[in-house]
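The values are calculated or read from the model by the stated rules, or taken from the named source; none is laboratory data. This one's a predicted model, so the numbers in the text were calculated from it and none came from an experiment. Cβ coordinates were reconstructed from backbone atoms using ideal geometry, including for glycine residues, and neighbour counts include every protein chain displayed. The area values use the complete protein model at the heavy-atom level, side chains included, leaving out ligands, DNA and RNA. Shrake-Rupley method; radii C 1.70, N 1.55, O 1.52, S 1.80 Å.
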Amino acid sequence: MAKKSNQSKTLPIHILNGPNLNLLGTREPEVYGHTTLAQVEKMCVAQAASHGLSIVFRQSNHEGEIVDFVQEARTSASAMLINPAGYGHTSVAILDAIQMLKIPVIEVHLSNIHRREPFRHLSYVSKGATGIVMGLGAQGYLRAIDAVAEILKGSK
Ligand code: DQA
């Protein structure tokens, strides 16, 4: 009979991407870079694996669907990374969902939103985030995974 492991496996990190990020790589590459979202996902899988962690990677152009994803993370994620894209600047509903989470939440932006137009300087999501990584392009996702790995290690 197979031996039962008493080591509980850490739940995956949920990585959520908001509107227009499906077009990453071709969308304003001078602002967001040439890396596609599929490549970001691959990089995140590898980075998480280097910490012994797994990920669930998602993208949606729809605010309500993002709210559904955040709610799902309540019970099925060890931590959440979210690039809310344009909804970060407008969505109280996504913030409300995030505020129900009891897991670390890292807000990620490829660009430094504070160097851009004034309407991008406010992020509702920041109010619910444990930490924020911005301005590092696709690398920012990897640094956010590193941060989450440290936080999770500390809470074990
Ligand atoms: C973004 C910044 C937002 O202002 C913008 O609406 C995006 C992408 C970023 O990753 O830099 O769609 O979240």
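For segment 94-108, just list the computed ³J(HN,Hα) in residue order, Karplus coefficients 6.51, -1.76 and 1.60, θ = phi - 60°, integers in Hz, with x standing in for Gly and Pro.
Each residue of segment 94-108 in turn: 5, 4, 4, 5, 4, 5, 7, 7, 10, 10, x, 10, 10, 8, 10 Hz.
Please build a GNM for the chain, connecting alpha carbons under 10 Å apart, and tell me which residue among ALA85, ALA129, ALA46 fluctuates the most.
Looking only at ALA85, ALA129, ALA46, the largest GNM fluctuation is found for ALA46.
What trypsin sites (Lys or Arg not before Pro) in segment 89-143 are in a loop by DSSP, with at most 16 other Cβ atoms within 10 Å of the Cβ?
LYS102, ARG116
Round to the nearest 0.05 the FRET efficiency obtained for SER155 and ARG120 when R0 = 25 Å and r is the Cβ-Cβ distance.
That pair, SER155 with ARG120, gives E of 0.20.
Is any helix in the chain, taking whole DSSP H runs, at least 15 angstrom long along its axis by alpha carbon and on average at least 1.0 on the Kyte-Doolittle scale, and which ones?
none
Starting at the first residue of segment 130-137, write each ³J(HN,Hα) from the Karplus equation 6.51 cos²θ - 1.76 cosθ + 1.60 with θ = phi - 60°, in whole Hz, x for Gly and Pro.
My calculation for segment 130-137 gives 5, x, 9, 10, 8, x, 9, x Hz in order.
Comparing HIS109, HIS14, HIS51, which has the greatest mean-square fluctuation in the GNM of the chain with Cα pairs linked when under 10 Å apart?
Largest GNM mean-square fluctuation: HIS51.
Working out 0.36 nm times the residue gap between HIS89 and ASN112, then minus their Cα-Cα distance, what length gain in nm do you get to one decimal?
So the extension gain works out to 6.9 nm.
For the chain, which whole-number percentage of the solvent-accessible area (1.4 Å probe, protein heavy atoms only) is attributable to carbon and sulfur atoms?
That share works out to 54 percent.
Return the aspartates and glutamates within reach of LYS127: Cα separation strictly under 13 angstrom, same-chain partners fewer than 8 residues apart disregarded; answer none if there are no such residues.
Hits, sequence-local ones excluded: ASP96, GLU107.
If you build a Gaussian network model of the chain, linking Cα atoms that sit under 10 Å apart, which residue out of GLU63, GLU41, GLU30 swings the most?
Per the Cα network of the chain with a 10 Å cutoff, GLU30 tops the list.
At LEU136 and LYS9, where each label point lies 7 Å from the Cα along Cα→Cβ, what is the point-to-point distance in nanometres?
Placing both labels 7 Å along Cα→Cβ, they lie 2.8 nm apart.
Around PHE57, which amide H atoms from residues at least 5 apart in sequence, or from another chain, sit under 5 Å from its own amide H, with H modelled in the peptide plane?
ILE15
List every residue whose amide H lies under 5 Å from the amide H of HIS109, counting only residues 5 or more places away in sequence or on a different chain, with H placed 1.01 Å from N in the peptide plane.
So HIS109 has HN proximity to VAL133, MET134, GLY135.
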